[in-house]
Amino acid sequence: MRKTILAAFFITAAAFAVAQGYKPRNKATDFKLKNIDGTTVSMNDYADAKGFIVIFTCNHCPFSIAYEDRIIDLDLRFKELGYPVIAINPNDPAVSPGDGYEDMQKRAAEKGFTFPYLIDEGQKIFPAYGAIRTPHVFVLNREKGEYIVEYIGAIDDNHQDTEAVKQKYVEDAVYALIKGNKPVTTTTKAIGCTIKVAGK
């Protein structure tokens, strides 16, 4: 009984944290998470980065799969301009078996990921950010050594067909920051699979 109550408490606490999450212009926390190559990756490792495109994504979700090539394109396009992609898998592999660490390594190799693909062990980072779906994007700008959230939401407005995309939210946000401006659109609704947490 006590274990059930404690489990319910932690699930409720996690849900509350997600409900809070970050909003535009909030300061984002750094993280130290394991990459698919066994190293630990932190945003502070990128001394020359002007900001980051942090994307919570995973292996199994059809929405995440549909966006994989576009995520690679975002990284190739923007990392040389100071805004690399960092992908984080937030799912609990016990709930979503296809999202285990070895599955991540295999998927990254198959697709030729050009960016770090980190596992959110203990599921501590996605609630802090407020991610609720995969994919869910947070564009960060580095200001005086801090990471400021400038855009939250979807990659673009059409996950099914790249040719039908009319609004490239992430691309537009990063280009605005590169030019020294603030993004016109700061939030959109993330479209994708819900993040898999034990007990849900």
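Please pick out the residue among K50, K32 that is farther than 17 Å from P90 by Cα and either free of Cβ contacts under 8 Å to residues at least 12 places away in the same chain or basic (K, R) (or both).
On inspection, the qualifying residue turns out to be K50.
Among the residues of segment 145-159, what is the count of those that are surrounded by fewer than 18 Cβ atoms within 10 Å (Cβ to Cβ) and either of a type in the set (D, E) or over 16 Å from G192 (Cβ atoms) (or both)?
Of the residues in that region, 3 qualify.
Say we look at segment 79-91 and pick out the residues that are over 15 Å from the mean Cα position of the chain (by Cα) and in contact (Cβ under 8 Å) with a residue 60 or more places away in the chain; which of these is surrounded by the fewest Cβ atoms within 10 Å (Cβ to Cβ)? First the steps, then the outcome.
Residues of segment 79-91 that are over 15 Å from the mean Cα position of the chain (by Cα), as a first pass: 79-82.
When the remaining residues are screened for being in contact (Cβ under 8 Å) with a residue 60 or more places away in the chain, the result is 81-82.
Working: L81: 13, G82: 17.
Once the filter is applied, the top-ranked residue is L81.
Consider segment 101-124. How many of its residues are surrounded by fewer than 22 Cβ atoms within 10 Å (Cβ to Cβ), of a type in the set (A, V, I, L, M, F, W, C) and assigned to a helix (DSSP H, G or I)?
Summing the residues that are surrounded by fewer than 22 Cβ atoms within 10 Å (Cβ to Cβ), of a type in the set (A, V, I, L, M, F, W, C) and assigned to a helix (DSSP H, G or I) in segment 101-124 gives 2.
When only residues in segment 125-144 that are touching a helix residue (DSSP H, G or I) at 6+ places or on another chain (Cβ under 9 Å) and over 24 Å from M104 (Cβ atoms) count, which is surrounded by the fewest Cβ atoms within 10 Å (Cβ to Cβ)? Break it down stepwise before answering.
Of segment 125-144, the ones touching a helix residue (DSSP H, G or I) at 6+ places or on another chain (Cβ under 9 Å) are 126-142.
Now narrow it down to the ones that are over 24 Å from M104 (Cβ atoms): 141-142.
Values: N141: 24, R142: 18.
Across segment 125-144, the extreme among qualifying residues is R142.
Determine the pairs where a residue that is on the phi > 0 side of the Ramachandran plot and at pLDDT 95 or above, located within segment 104-117, has a partner that is surrounded by fewer than 18 Cβ atoms within 10 Å (Cβ to Cβ) and of a type in the set (A, V, I, L, M, F, W, C) with Cβ atoms under 8 Å apart, the partner being 6 or more residues away or on another chain.
G112/I72
Taking the options V139, V184, name whichever one is closer than 22 Å to D30 by Cβ, hydrophobic (A, V, I, L, M, F, W, C) and either without any contact (Cβ under 8 Å) to a residue 40 or more places away in the chain or outside any helix (DSSP H, G or I) (or both). It would help to see each step written out before you state the result.
On the way: V184 fails: closer than 22 Å to D30 by Cβ.
Checking each option against the conditions leaves just V139.
The values are calculated or read from the model by the stated rules, or taken from the named source; none is laboratory data. The structure displayed is predicted, hence computed values, not measured ones. Heads up, the Cβs are rebuilt from the backbone with ideal geometry, glycines too, and the neighbour counts pull from every protein chain shown.
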